[in-house]
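Encoded as structure tokens, the structure appears first; notes follow it.
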Amino acid sequence: MSMEWQPLRGSTGVFHTHFALIPACRCPDGRAVLIDSGSVAHPELAEALDREGLGVAAVICTHLHPDHIANNRLLIDRWGAEIWADAAEIRAVGPRFEMLRGDPLEKKWLWTEPDYPIRPIPPGTEALTLAGAEFRLLPTPGHVEGHLAVVTPDAVCCLGDAIISASVLAGSSLPYMEYDVDLAVESMAGIRDMDYPCYVAAHREVIAPEDLGPLVDANIRKELRLYDLLRRIITAPTPMEEAVTAFMRAAGVEREIMLSRSSMRGSAAIRFTALERAGELSIRDGIVYPV
């Protein structure tokens with residue numbers, strides 16, 4: 001598979017891969033810094049970088065989900081690339097991959113488990129200077145605790161999974177959340193107020209400024225509708241596992257493999273946690289109660 005390079009602004013562009021865009025910036029020392037490394041292992045990524053005359057100095061990870069770090073090992077082995085991620089995300093890696101190991105339906109992701117050093121980005125860090133270029137870091141928590149948006153020196157804002165592109169959102173019954181839906185919505189609202197000339201959603205869209213606000217609003221509406229759906233589902237005391245399955249089915253999750261996956265069930269349960277925190281339902285001894 002030939003991997004397409006799309007220039008965006010200045011020295012920043014994206015590589016098109018299966019279900020992901022990999023932003024890259026050519027830095028003053030001639031090497032590239034990548035924002036994430038893709039969702040699938042692609043030897044072709046090295047070939048595409050070679051065609052562009054680029055080695056890789058570093059990868060800044062918006063977060064460390066398996067579908068964002070698939071080529072980290074390749075880039076380390078080939079160019080000795082440094083891998084950077086928010087410190088909270090590094091702490092989350094162990095529990096995350098323990099969950100994947102514990103579910104036969106999730107084991108396909110285990111090949112991405114980091115077995116290499118990841119350099120922590122301390123809380124409050126506003127920018128990283130790598131290969132002679134400055135990358136601005138914008139905390140966008142919710143999807144995960146330590147999610148970061150990254151702005152390249154060419155003012156391309158790489159959003160990771162802080163919002164979902166229009167095409168993915170249209171086909172997503174239950175957008176994936178690992179940490180806190182309410183924080184994710186706050187981060188989305190903050191993204192709406194950003195002012196950059198170009199945005200990249202990892203899966204899989206380059207977004208013009210005039211399209212950003214409507215896309216953010218669509219993401220937020222999706223989450224608010226899921227809250228409303230959950231309120232309608234919980235009308236009587238219900239075992240938590242049964243309630244999660246009922247909510248997922250009502251949201252449009254139909255395939256049995258998706259209904260059974262630990263990651264998807266955890267993503268559904270996060271919505272229950274949010275409504276419990278808001279005092280709209282109660283969870284005691286594995287039973288969900290309406291309030």
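The values are calculated or read from the model by the stated rules, or taken from the named source; none is laboratory data. What you see is a predicted model, and the numbers here were worked out from it, not measured in a lab. So basically every Cβ, Gly included, is an ideal-geometry build from the backbone, and we count neighbours across all protein chains shown. These accessible areas exclude ligands, DNA and RNA; they are computed on the full protein's heavy atoms, side chains included. Shrake-Rupley method; radii C 1.70, N 1.55, O 1.52, S 1.80 Å.
From the residues in the stretch 221-277 that are more than 22 Å from PHE97 (Cβ to Cβ), in contact (Cβ under 8 Å) with a residue 60 or more places away in the chain and part of a helix (DSSP H, G or I), which one is nearest to the chain's Cα centre (by Cα)? So, considering only residues that are more than 22 Å from PHE97 (Cβ to Cβ), in contact (Cβ under 8 Å) with a residue 60 or more places away in the chain and part of a helix (DSSP H, G or I), the one nearest to the chain's Cα centre (by Cα) is ARG271.
Selection of the stretch 71-86 for residues being crowded, with 20+ Cβ neighbours inside 10 Å, over 15 Å from ASP115 (Cβ atoms) and not charged (D, E, K, R) yields only TRP84. Considering (1) without any contact (Cβ under 8 Å) to a residue 60 or more places away in the chain; (2) open to solvent by 10 Å² or more (accessible area, probe 1.4 Å); (3) of a type outside the set (Lys, Arg); (4) part of a loop (DSSP other than H, G, I, E, B), the lone condition that ASP29 does not fulfil carries the number (1). Take the conditions without any contact (Cβ under 8 Å) to a residue 60 or more places away in the chain and part of a loop (DSSP other than H, G, I, E, B) and apply them to ALA88. Does it pass? No: the conditions fail for ALA88. For the stretch 193-205, enumerate the residues that are of a type in the set (A, V, I, L, M) and open to solvent by 20 Å² or more (accessible area, probe 1.4 Å). Hit for the stretch 193-205 is MET194, nothing else.
Would you check if SER37 is open to solvent by 40 Å² or more (accessible area, probe 1.4 Å), at pLDDT 95 or above and under 25 Å from ILE207 (Cα atoms)?
no
Scanning the stretch 106-130 for residues that are in contact with a helix residue (DSSP H, G or I) (Cβ under 9 Å, 6 or more places away or on another chain), aliphatic (A, V, I, L, M) and surrounded by 14 or more Cβ atoms within 10 Å (Cβ to Cβ) yields ILE118, ILE121. For the stretch 131-178, residues that are surrounded by 22 or more Cβ atoms within 10 Å (Cβ to Cβ), in a strand (DSSP E or B) and in contact with a Gly (Cβ under 9 Å, 6 or more places away or on another chain) total 4.
Against the test of being at negative phi and touching a residue at least 40 places away in the same chain (Cβ under 8 Å), the options GLY142, GLY160, GLY146 yield a single qualifying residue, GLY146.
Output the residue which, of all residues in the stretch 1-22 that are touching a strand residue (DSSP E or B) at 6+ places or on another chain (Cβ under 7 Å) and of a type in the set (Gly, Ala, Ser), is nearest to GLU47 (Cα to Cα).
So the residue we want is GLY13.
If LEU74 satisfies every condition in (1) within 17 Å of the chain's Cα centre (by Cα); (2) at pLDDT 95 or above but one, which is the exception? It is condition (1) that LEU74 fails. Can PRO43 be described as open to solvent by 30 Å² or more (accessible area, probe 1.4 Å), more than 21 Å from LEU21 (Cβ to Cβ) and either at pLDDT below 95 or polar (S, T, N, Q) (or both)? No, not satisfied.
Beta carbons closer than 9 Å, at least 6 apart along the sequence or on distinct chains, pair a first residue in the stretch 55-73 that is over 13 Å from CYS27 (Cβ atoms) and touching a residue at least 24 places away in the same chain (Cβ under 8 Å) with a second that is in a strand (DSSP E or B) and of a type in the set (S, T, N, Q) for ALA70/THR17; ASN71/THR17.
Tell me, yes or no, whether the stretch 188-204 has at least one residue that is β-branched (Val, Ile, Thr), closer than 15 Å to ALA20 by Cβ and not in a helix (DSSP H, G or I). There is at least one residue in the stretch 188-204 that is β-branched (Val, Ile, Thr), closer than 15 Å to ALA20 by Cβ and not in a helix (DSSP H, G or I). Residue-level analysis places GLU223 outside the set of residues that are at pLDDT 95 or above, among the acidic types (Asp, Glu) and in contact with a strand residue (DSSP E or B) (Cβ under 7 Å, 6 or more places away or on another chain).
Quick one: which residue in ALA243, ALA236, ALA208 is surrounded by 20 or more Cβ atoms within 10 Å (Cβ to Cβ) and touching a strand residue (DSSP E or B) at 6+ places or on another chain (Cβ under 8 Å)?
From the options ALA243, ALA236, ALA208, the qualifying one is ALA243.
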